[in-house]
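Scroll down for the structure; my scribbles are underneath it.
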């Protein structure tokens, strides 16, 4: 209840515009880019205040490409993403607590991490075609087509924040129920379980005296479309290399490759002596 009350208080701190004189022309240009009737049908939610959803659909790259001076400034969806992330965490935790009474805390934590990770949220965003409604630069939209999950995942969290502000906690919970929980089962959850880092750590602790260490060895690309290369080391030996659009994704890929290279641990003499 404390967290819910805190979230309610946050509502007054989420403006959808920067302070300044309003420009009807500028806001109408942004609205015309969004087919709200189609968007409402897609998310199965009746919008009360469109302004929250304009913000939820505005990626920061859209603001950088605007050339005309505006008296009325749109802001990106980053603040709504922050709020939506908190609402999502609470709704998911509540659902798992009530519906998985026989599972231990560790299982619930794992399930929650699966339901709130970027890849999963991006898939949920694609299922409601959020990419068709986003206000973003051509470069950002192209990166979505190339499989960059963060933009869509962040917009999805911002959408949750917008629904929370527009109609409250129960409305956000209904949205997540229809989009996630109504389709949920353990097998469906497990297909998104990609915690290779945890698996490799468990193996290393059980069979060696060493802990995996991860190092970013390369960063490529522009700020909104980075590509990271990461190595995972055990006792200063590189056992796996991974690439990803975030450090975490690259680390998971490196751990996955290390798990396919476990015979090297024996060859390097790193296994515990029996």
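FYI, it's all coordinate maths here, none of it is from the lab. Computed from a predicted structure; not experimentally measured. Positions of Cβ are backbone-derived with ideal geometry, glycine not excepted, and every protein chain shown enters the neighbour counts.
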Quiz prompt | Packing rank of 248-258, 195-205, where each peptide gets the mean count of other beta carbons within 10 Å, highest leading | solution = 248-258, 195-205
Exercise. Run through every distinct alpha carbon pair of segment 196-267 and return the Kirkwood hydrodynamic radius in angstroms, one decimal place.
Key: 12.2 Å
Quiz item: By count of other Cβ within 10 Å, fewest leading, how are 81, 157 ordered?
Solution: 81, 157
Quiz prompt | Pairwise label distance in nanometres, residue 227 with residue 271, each label 7 Å out on the Cα-Cβ vector | solution = 3.7 nm
Quiz item: Of 151, 43, how do they rank once you tally other Cβ atoms within 10 Å and put the fewest first?
Solution: 43, 151
Quiz item: Residue separation times 0.36 nm, minus the C-alpha to C-alpha distance between residue 35 and residue 113: what's the value?
Solution: 24.8 nm
Quiz item: Most exposed first by the Cβ proxy, i.e. fewest other Cβ within 10 Å, how do 96, 102, 184 rank?
Solution: 102, 184, 96
